[in-house]
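A short worksheet on the structure shown next.
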Amino acid sequence: MASASTTPDEPVWLSIPSAAARHDVSVLTLRRMISRGELPASRIGPRGGYRIRVSDLDAMMRPVRIPAKG
């Protein structure tokens, strides 16, 4: 069963370049978020790339409302 943020044809895991394209951010930004522990990711194999769960990515990139001052 697909999660609320994915469709049946959409992957559950994304590579860093695919995740960056999905949310229009740089690959370096996502790598930094992963290294700081802000974005969970799984490494595929000893020399493989990272994979990011779509639900984790979408949750991290959800807009944050900042109350207006005054």
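The values are calculated or read from the model by the stated rules, or taken from the named source; none is laboratory data. All of these numbers come straight from a predicted model, not from anything done at the bench. All Cβ positions, glycine included, derive from the backbone under ideal geometry; neighbour counts span all protein chains shown.
Worth pointing out:
- Which listed residue, of G37, G48, is over 19 Å from V12 (Cα atoms) and part of a loop (DSSP other than H, G, I, E, B): G37
- Checked against (1) touching a helix residue (DSSP H, G or I) at 6+ places or on another chain (Cβ under 9 Å); (2) modelled with pLDDT of 95 or more, S5 meets all criteria but (2).
- Contact map, region 17-40: residues that are touching a residue at least 12 places away in the same chain (Cβ under 8 Å) paired with residues that are among the aliphatic types (A, V, I, L, M) and part of a loop (DSSP other than H, G, I, E, B), Cβ distance under 6 Å, separation 6+ or inter-chain. Pairs shown: H23/M61; M33/L39; I34/A41.
- Residue count, region 20-41 (criterion: surrounded by 12 or more Cβ atoms within 10 Å (Cβ to Cβ) and not β-branched (V, I, T)): 11
- Scope region 42-55; condition without any contact (Cβ under 8 Å) to a residue 24 or more places away in the chain and surrounded by 11 or more Cβ atoms within 10 Å (Cβ to Cβ); matching residues: R43, I44
- Breaking point among (1) in a loop (DSSP other than H, G, I, E, B); (2) touching a Pro at 6+ places or on another chain (Cβ under 6 Å), for D56: (1)
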